[in-house]
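Student: After the structure tokens below, expect a handful of questions from me.
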Amino acid sequence: MKNFSEIKVGDKTEFEVQIDESIHKNFSSISGDKSPIHLDDDFSSKTKFGKKIGYAFLLTSFLSRLYGEYLPGGSSICVKQESNFIKPFFIGDTIKIKAEVFNKIESTKFVEIKSEMYRNQEECIFKGKGIVQVLFEKNE
């Protein structure tokens, strides 16, 4: 966990998540989204994707992990998030989440972070920008 003064513009991090059937079904259960594009093989096979697609908002749930565990790592709350879903992903894909601090605002203790997600190391499927507010210094 970093305090505001320890966070630097240019700080970067990345991690990966394997999307398996269990994660996919758990997200369906938690969100209540039972859309056939995500759950029905027969329906999905007739779409332009040819198979079930992953939940876009499952991707945004990884931002919670990003902000809570990596940048800045548990010392902040998310106050704004922009999300651009560029392409679909599928069960079995590995999602790489990459992020970089691009701005800090001293007066509000806001940290602006850009994020990108890639499926199977190569295809960009998500771009976003978030603002987190650092709530305290380590010594407080």
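Student: Going by the structure shown, is Val79 surrounded by 13 or more Cβ atoms within 10 Å (Cβ to Cβ), in contact with a strand residue (DSSP E or B) (Cβ under 9 Å, 6 or more places away or on another chain) and of a type in the set (Val, Ile, Thr)? Can you show your working first?
Tutor: Values: surrounded by 13 or more Cβ atoms within 10 Å (Cβ to Cβ): no; in contact with a strand residue (DSSP E or B) (Cβ under 9 Å, 6 or more places away or on another chain): yes; of a type in the set (Val, Ile, Thr): yes.
No.
Student: Would you please name the residue that is farthest from Lys52 (Cα to Cα), looking only at residues in the range 93-114 that are β-branched (Val, Ile, Thr) and touching a helix residue (DSSP H, G or I) at 6+ places or on another chain (Cβ under 8 Å)? Can you show your working first?
Tutor: Step one: list which residues in the range 93-114 are β-branched (Val, Ile, Thr), which gives 94-95, 97, 101, 105, 108, 111, 113.
Within this subset, residues satisfying the condition of being touching a helix residue (DSSP H, G or I) at 6+ places or on another chain (Cβ under 8 Å) are 95, 97, 111, 113.
Values: Ile95: 16, Ile97: 21, Val111: 36, Ile113: 30 Å.
Applying the filter and picking the extreme gives Val111.
Student: Could you list, in sequence order, all residues of the range 1-41 that are hydrophobic (A, V, I, L, M, F, W, C), within 18 Å of the chain's Cα centre (by Cα) and loosely packed, with under 13 Cβ neighbours inside 10 Å? Give the derivation first.
Tutor: The initial filter retains those residues of the range 1-41 that are hydrophobic (A, V, I, L, M, F, W, C), namely 1, 4, 7, 9, 15, 17, 19, 23, 27, 30, 37, 39.
From the residues that got through so far, the ones that are within 18 Å of the chain's Cα centre (by Cα) too are 15, 17, 19, 23, 27, 30.
Ile30 - this is the single residue of the range 1-41 that is hydrophobic (A, V, I, L, M, F, W, C), within 18 Å of the chain's Cα centre (by Cα) and loosely packed, with under 13 Cβ neighbours inside 10 Å.
Student: Report, by residue number, each residue of the range 102-132 that is under 17 Å from Glu14 (Cα atoms), in contact with a strand residue (DSSP E or B) (Cβ under 8 Å, 6 or more places away or on another chain) and outside any strand (DSSP E or B).
Tutor: Those that are under 17 Å from Glu14 (Cα atoms), in contact with a strand residue (DSSP E or B) (Cβ under 8 Å, 6 or more places away or on another chain) and outside any strand (DSSP E or B): Asn120, Gln121.
Student: While we're on this one: Identify all residues within the range 1-58 that are at pLDDT 95 or above, under 26 Å from Phe110 (Cα atoms) and polar (S, T, N, Q); write none if there are none.
Tutor: Thr13
Student: Also: Here are some conditions: (1) at negative phi; (2) in contact with a Gly (Cβ under 7 Å, 6 or more places away or on another chain); (3) exposed (fewer than 14 other Cβ atoms within 10 Å of the Cβ); (4) not β-branched (Val, Ile, Thr). Gly74 meets all but one. Which one does it not meet?
Tutor: (1)
Student: Further question on the same structure: Restricting the first residue to the range 106-135 and requiring it to be free of Cβ contacts under 8 Å to residues at least 60 places away in the same chain and β-branched (Val, Ile, Thr), which pairs with a second residue that is surrounded by 15 or more Cβ atoms within 10 Å (Cβ to Cβ) and not in a strand (DSSP E or B) meet a Cβ separation below 6 Å and a spacing of at least six or different chains?
Tutor: Ile113/Leu71
Student: Could I ask something else about it? Scan the range 10-23 and report the pairs whose first residue is farther than 16 Å from Glu116 by Cα and whose second residue is at pLDDT 95 or above and among the acidic types (Asp, Glu), with Cβ atoms within less than 6 Å and a gap of 6+ or a chain change.
Tutor: Final answer for the pair search is Ile19/Asp93.
Student: A further question on this structure: Given Phe136, Phe62, Phe85, Phe90, which one is aromatic (Phe, Trp, Tyr), in contact with a helix residue (DSSP H, G or I) (Cβ under 8 Å, 6 or more places away or on another chain) and over 16 Å from Val9 (Cβ atoms)?
Tutor: Phe85
The values are calculated or read from the model by the stated rules, or taken from the named source; none is laboratory data. Note that the structure is predicted; figures quoted are calculated from it, not measured. No Cβ is skipped: glycine too gets one built from the backbone with ideal geometry, and neighbour counts run over all protein chains shown.
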